[in-house]
Structure formats: C-alpha cells, structure tokens
Amino acid sequence: MAQVQAISSCSSVNLLFKGSIKSSPRIQDKFWCGKKLDSLQELGVKASEFNGLAIAHSRSNSALPCANHAIQAVLTNDKETTNSTPVGEKPLRKKLNKVVLAYSGGLDTSVIVPWLRENYGCEVVCFTADVGQGIKELEGLEAKAKASGACQLVVKDLQEEFVKDFVFPCLRAGAIYERKYLLGTSMARPVIAKAMVDVAREVGADAVSHGCTGKGNDQVRFELTFFALNPELSVVAPWREWEITGREDAIEYAKKHNVPVPVTKRSIYSRDRNLWHLSHEGDILEDPANEPMKDMYMMSVDPQDAPDQPEYVNIGIISGIPVSLNGKELSPATLLSVLNEIGGRHGIG
C-alpha cells in the first residue's frame, strides 16, 4: 500500500496516510505555502482509495514561495510496481494479486471479471454462495465464469448456516425493518461475505469484490462484514469506480472483451431469492397501489388458486428455535424448505 507523508516546516503537523499511485513507485512533489499553518484543519488533504495521487494543498488563494516553508509530499510503495506502463496499455489503478468476487453469473458480475483483470492486473476467483436460491441459478456457472476470464469458481452450500445462524436468530428477535420488511435479502449478505473472507484465506487472495451499486444498502452489508473479519483485505467496488453507467454500457464492455452474455429479454423485475424469501422490485411495483402480476408467484401459488381445504402443521420449538415438523426432527434448512413447499401450495408468502 502506498504511503504519503506530508512534512511541513510551516507548522509542527506531520501527516501520514495511505493512498495509491498510478505509475511511478516513488514520486516527489513540493507544495509551497504563503502563510503559517496553525492547525491540521488548514491543510487540505485528499486521497483516492484505489487510484489517483494524494494531493496536499493549502487553502490560501495564493501560493507565494517562502523560504523554509515548504510542504513536501513523498509517495512510497511497500510492494513492487512496474516502473512504466507499456505503450497502448491502460495503467493499473492498483496492483492486486488475487481477488475473490461475489459472483452470480449475471451481466454485472460477468463484466466485473475482465474489468478487475484489466484495472488491477489480478487473478479473479469467482465465489457463489448457495443460500437456497434454486438449482437453476447455479447451472453452468463454472463454464461461464472461466469464459469471462476467472481462474476458478468456488461454490459453497451455506443453507444450513444461513438458516441456523441468521434466519432463526432474526425470528427470535422479531427483527422486522420499518414494521414490514422481513429482512430476506439483508440476512443473507453477512453469511455470504463471511464465506468470501474464508475463501480469500484459502486461495491466498489479497482482495475481495462485489457487484453492489454505490448507492444502496448491500454494499454496506458486505463491506462491514469484510472489515470486521479481515481488515487487511482490500475491497474493490466497481460500481463506485468504473465508467459503466448502465446495462447498455455493460453489454458493450462484454462484447469488447468477448464475455459470453446471453441475449435474452430483460426481466422487468429485479429479483432476489433464498430459502427465506423471494423479493421483486421494479416496473409496476414502483407504484404501491398496483397489485402483483400472476407471473410473480414463483415460490407460492396465487392465493386465488390455493386449495379451499386447510392443511395443519405441527412445528416443534425448543428455546425459540424450530426443530421438528409434524413430529419429525429436521435440520434448520430442511425444515424451512419443507415449510416453503407447504406454505407455497396454500398461497402463503
């Protein structure tokens, strides 16, 4: 990680912070101040996490040279970097060795693979967590990941851990966001991020990456987990860095880098599914006055199509945790899966 040390003879303040450099492993720049700096607040310091030079500057409107009042910024790097970028090649934002990417196989994460290689000069290990989203979403992922440029795909079944350590504790706590959201997506993010940290250790990665947008809650859920479990890992969030602004840009980038992206009709909804829920957003649902369309029912039937006869279930609970269904002991994930089938038949959910 590059280090920048600003040394001022105008005041007794010494600054040491981390930043990244674009090319040269060692750069020296001098900045002159026209008056004495009385406090740290008078020195403006800016640095980008993944690219750009750190800039130290005075807030004064003029920059008159004065003897013995120089601020010198020295950039050093504790890792070896290339002294120059070959002609025609794009300079790296930062050199990383190996990055573990949260991978779904969709358009966004597919183009992130070559983007990471191009901008960070790294190997990319794709990671997919099975949290009960369905076998169809896992089919063909390895071939797709490698065709996009990944060196390998790691898939881990997290269903039991997800239900036991996240779903059930949330149920016991009665955790409902703003009295109506049952945290279906929120509960799955920490268990996925935790597994990514484990995979990073297993494959010797020095960074992790995700495809969350730069304006939503998911990026926070992932990154707080990363920082809590391994603060030494670098985190790359492409949506906060790249020039891609939407689906059309992503498709063009995929074509340019020969990334296989199936040409299909765009779904009008954005969906997220796991063992606990299936959520939809977008299109007509932007207006809460609209009723859901019939094709939205994927885990359950339309209540109008549910049977008229009731079905009774007996759930055994010990210390607030479901342990059996109709007298049969089941694992947490199996119990929830069976309940999904029963409830789905009756339009519950």
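The values are calculated or read from the model by the stated rules, or taken from the named source; none is laboratory data. On a predicted model such as this, the values are computed, not experimentally measured, just so you know. Backbone-built Cβ (ideal geometry, glycine too); neighbour counts: all protein chains shown. What goes into the accessible areas is simple: the full protein's heavy atoms, side chains included, and nothing from ligands, DNA or RNA. Shrake-Rupley method; radii C 1.70, N 1.55, O 1.52, S 1.80 Å.
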Just to make sure I understand: if all protein chains stay in place, what is the order of 298, 196 by accessible area at 1.4 Å, largest first? 298, 196
What accessible area, in Å² to the nearest ten, does a 1.4 Å probe give for residue 227? 90
Evaluate Rg over Rh across the stretch 98-257, taking Cα atoms for both radii and Kirkwood's formula for Rh. 0.97
Please work out how much accessible surface residue 257 shows to a 1.4 Å probe, ignoring ligands, DNA and RNA, in Å² rounded to 10. 60
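How do 93, 172, 345 stack up against each other in accessible area, from largest to smallest, with a 1.4 angstrom probe? Present the calculation step by step, with values, prior to reporting the outcome.
Numbers: 93 25, 172 155, 345 115 Å².
If we order 93, 172, 345 from most to least accessible, we get 172, 345, 93.
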Give me the percent of the accessible area of the stretch 98-257 that comes from carbon and sulfur atoms, probe 1.4 Å, all protein chains in place. 51
What is the local net charge at residue 300, summed over the other residues whose Cβ is closer than 11 Å to its Cβ (Lys, Arg +1; Asp, Glu -1)? -2
On a 24 Å Cα-Cα criterion, which of the cross-link pairs 98/136; 98/146; 95/136; 95/146; 156/255 come out too long? 98/136; 95/136; 156/255
Looking at the stretch 299-348, what % of the alpha carbon pairs are farther apart than 18 Å? 35
Could you provide, to the nearest whole Å², the per residue accessible area of the stretch 98-257 with probe 1.4 Å? 47
Accessible heavy-atom area order of 187, 293, highest first, probe of 1.4 Å: 293, 187
For residue 170, solvent-accessible area (1.4 Å; no DNA, RNA or ligand), Å²: 40
